[in-house]
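The structure appears right after this line, and notes come after that.
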Amino acid sequence: MWTHDEVTLKKLGVFLAFMRLGNMSRAAEALGQSPVSVHRALHSLEQALACPLFQRSGRRLIPLESAQALLLSAERALLELEHGVRQTREAAGFGSARLRVGALYSLTAGALPRILAGLKTRRPQLTVDLTLASNQELRQKLADGALDAVVIVARETRADPAWVSIPMFEDEICFAAPLNSPLGQSESIDLATLPKLPFVSLHDSFATGQDFMQAFAIAGVLPNVVMRVADIFSLSNLVCGGIGYSLLPRRVALFSPQLQLIPLAAKYRRTQHIHLLLASKRERDPNLLALAAECRLYGRGHSPLIPPSAATVQA
């Protein structure tokens, strides 16, 4: 009488290796085990099944009809298990042929194309689903499992063991004005002196929208916001079109040659820290390892707080 506990996957794997190679030494070499360990596993399998599988001829084992019958079932069982494991991992996002990445709109002009091109070189068969949204929305989608990784502005300084946060680069928040604006002659902008100017801004769910309001809070004035929008491309175009001024990260200089960015006065200056964020339980996933490697590579080659001219050259 035998139980399922006695017929293990390890024993079946040894049995299959021996049956395919037909030799104790070759099976041991293929499995990285000693011939003694292989012989012991086969003998244990016979005991578990309570029937002989081999005829002994000196030091040789000759498979019986019972071994041939087990061979077919063992192959089917292990193949089915391998298929089930693969499906399970893909359902959980591990080793899948598809990777769901979220990022900020403002990263599509420089960082994202280079990172995703490098990722496709590393894993050519991988399909990437890209979601562009606000910082707040991307964080929520990652927490809900709707995204595998996000490239966002990281605010927290306290490490959270549930997440892996990979720093990429830093970017400076600047005063944004249309080309040829008289304010473009200023070395820096004092926000406290501009309360009556028209401004356009992103909604508060965006990191840049939060930086906008916090900078004016430091200045102690309420900005004259004439319009709020939900993407940084529209915001940049509104500034270039003369609808209003704004506060934008320096990386958006790549969006339009009609946009000029002027440093804020020292007391209002804010820095955005761009990080790749993914779940700790997923950090060994091959697709995410490749994405993390490309993000680190981009970060090493990216000069922090680069001026617009340098950013254009780098891109």
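ARG251: under 30 Å from ASP148 (Cβ atoms), outside the structural domain of ALA292 (by the TED database) and in contact with a strand residue (DSSP E or B) (Cβ under 9 Å, 6 or more places away or on another chain), yes or no?
Yes.
How many residues, within segment 233-269, are surrounded by 18 or more Cβ atoms within 10 Å (Cβ to Cβ), part of a strand (DSSP E or B) and in contact with a helix residue (DSSP H, G or I) (Cβ under 8 Å, 6 or more places away or on another chain)?
So the answer is 9.
What are the pairs, 6+ residues apart or on separate chains, where a residue within segment 59-78 that is more than 17 Å from GLY22 (Cβ to Cβ) has its Cβ under 8 Å from a residue that is open to solvent by 50 Å² or more (accessible area, probe 1.4 Å)?
So the pair list comes out as LEU78/LEU9.
Which residues, taken from segment 193-212, are open to solvent by less than 70 Å² (accessible area, probe 1.4 Å) and charged (D, E, K, R)?
ASP211
Given the criterion open to solvent by 40 Å² or more (accessible area, probe 1.4 Å), assigned by the TED database to the domain that holds LEU276 and at pLDDT 85 or above, identify the matching residue among ALA50, ALA117, ALA103, ALA69.
Being open to solvent by 40 Å² or more (accessible area, probe 1.4 Å), assigned by the TED database to the domain that holds LEU276 and at pLDDT 85 or above holds for just one of ALA50, ALA117, ALA103, ALA69, which is ALA117.
For segment 9-51, how many residues meet the condition of being touching a residue at least 24 places away in the same chain (Cβ under 8 Å) and of a type outside the set (A, V, I, L, M)?
7
If you take the residues in segment 283-293 that are open to solvent by 20 Å² or more (accessible area, probe 1.4 Å) and in contact (Cβ under 8 Å) with a residue 24 or more places away in the chain, which one is nearest to ARG139 (Cα to Cα)?
GLU283
Somewhere in segment 213-225, is a residue within 30 Å of TYR245 (Cα to Cα), touching a strand residue (DSSP E or B) at 6+ places or on another chain (Cβ under 7 Å), modelled with pLDDT of 90 or more and loosely packed, with under 14 Cβ neighbours inside 10 Å?
Taking every residue of segment 213-225 in turn, at least one turns out to be within 30 Å of TYR245 (Cα to Cα), touching a strand residue (DSSP E or B) at 6+ places or on another chain (Cβ under 7 Å), modelled with pLDDT of 90 or more and loosely packed, with under 14 Cβ neighbours inside 10 Å.
The values are calculated or read from the model by the stated rules, or taken from the named source; none is laboratory data. Just so we're clear, the structure is a prediction, and the values are computed from it rather than from any experiment. We place every Cβ from the backbone using ideal geometry, glycine too, and count neighbours over all the protein chains shown. Note: areas computed on protein heavy atoms with side chains; ligands, DNA, RNA excluded. Shrake-Rupley method; radii C 1.70, N 1.55, O 1.52, S 1.80 Å.
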